[in-house]
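Structure first, commentary second.
Taken together, the values in this text are just the output of simple stated rules run on the coordinates, not laboratory data. The model shown is predicted, which means the values in this text are computed figures rather than measured ones. Virtual Cβ from ideal backbone geometry, glycine too; neighbours counted across all protein chains shown.
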Amino acid sequence: MKNYIAFGALLVVSGFFLLSAINMHSFGSPSEEDMDRYFIENAQEEASTNNVVTSIVFDYRGFDTLGEATVLFTAVVGVSLLFRRLIK
Amino acid sequence: MMSKIVRTITNILYSSILIFGFYVIMHGHLTPGGGFQGGAVVASGIALVLIAYGYDTIKNWIKKSNLSILESIGAVSFIGVAFLGIGTTFFYNFLANSGSLFGNPTVIGINPGDLNTAGALPLMSWAVGLKVLAGLGSIVLLMAYGIKKGDGE
């Protein structure tokens, strides 16, 4: 029974992977050209920065950066827990 | 603790690495780099001193508890700056073009850049930079402590 569930899950996941591989854009062509244009043309005015990358990281995609900070925090907590046994 | 050559070179290079890291954090909104990258540079300076002088010497200079406090300050101020713009949306850049701190009007087009622009982004850069340098620094310190304990006893 367990094997059938695992096989079904494998089928579903590989099906989604295959679907995304078929729908992938050809190499070099951006998937969302309008969004790129928008960032390049408006980032300097809206976020008031010269560095478009920073304006995306901290302004447009700020929530993403919060997630990255959480990942780093989790890594630090994990290392602390790992070496807690040695400290005691 | 490593040889005298390594320690001398570390003494020369350490301040430069720190200054370069804080420069990358401070100019995150003008030049390539930002909070994460600058924090990683500063943490690499900590790792250099740690390797050159060994854990026993370094544990009196850099306290793990201080780094934890620094990391918490970074995380809380990052979320705090994000919440300050909650009048419009979460992560709204409320300081941009306001005339106050980091609020000079933006120059549109190709220009060398003004340090006093970009609103809340430099504050977030500093918060993330503090967080990354404290986080990576404490990871390095803890691993050095673990290696020492694992080898010695």
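The set of residues from segment A:46-73 being under 16 Å from the mean Cα position of the chain (by Cα) and either of a type in the set (F, W, Y) or more than 8 Å from chain B (Cβ to nearest Cβ) (or both) comprises A:I56, A:F58, A:Y60, A:R61, A:F63, A:D64, A:G67, A:T70, A:V71.
Can you tell me which residue is surrounded by the most Cβ atoms within 10 Å (Cβ to Cβ) among those in segment B:84-126 that are aromatic (F, W, Y) and within 21 Å of the chain's Cα centre (by Cα)? Among them, the one singled out is B:F91.
Residues in segment A:29-57 that are without any contact (Cβ under 8 Å) to a residue 12 or more places away in the chain and in contact with a Ser or Thr (Cβ under 6 Å, 6 or more places away or on another chain) were compared, and the one that is farthest from B:V132 (Cα to Cα) is A:S48. If you take the residues of segment B:32-68 that are under 26 Å from B:G119 (Cα atoms) and free of Cβ contacts under 8 Å to residues at least 12 places away in the same chain, which of them is surrounded by the most Cβ atoms within 10 Å (Cβ to Cβ)? If we take residues in segment B:32-68 being under 26 Å from B:G119 (Cα atoms) and free of Cβ contacts under 8 Å to residues at least 12 places away in the same chain, then B:G33 is surrounded by the most Cβ atoms within 10 Å (Cβ to Cβ). Please count how many residues of segment B:69-92 are assigned to a loop (DSSP other than H, G, I, E, B) and more than 18 Å from A:T70 (Cβ to Cβ). The qualifying residues number 6.
For segment B:16-56, the candidate set comprises residues that are under 14 Å from the mean Cα position of the chain (by Cα) and hydroxyl-bearing (S, T, Y); within that set, the residue that is nearest to B:G137 (Cα to Cα) is B:S44.
Checking B:T8 against (1) within 13 Å of another protein chain (Cβ to nearest Cβ); (2) without any contact (Cβ under 8 Å) to a residue 12 or more places away in the chain, only one condition comes out false. Which one? So B:T8 meets the others, but not (1).
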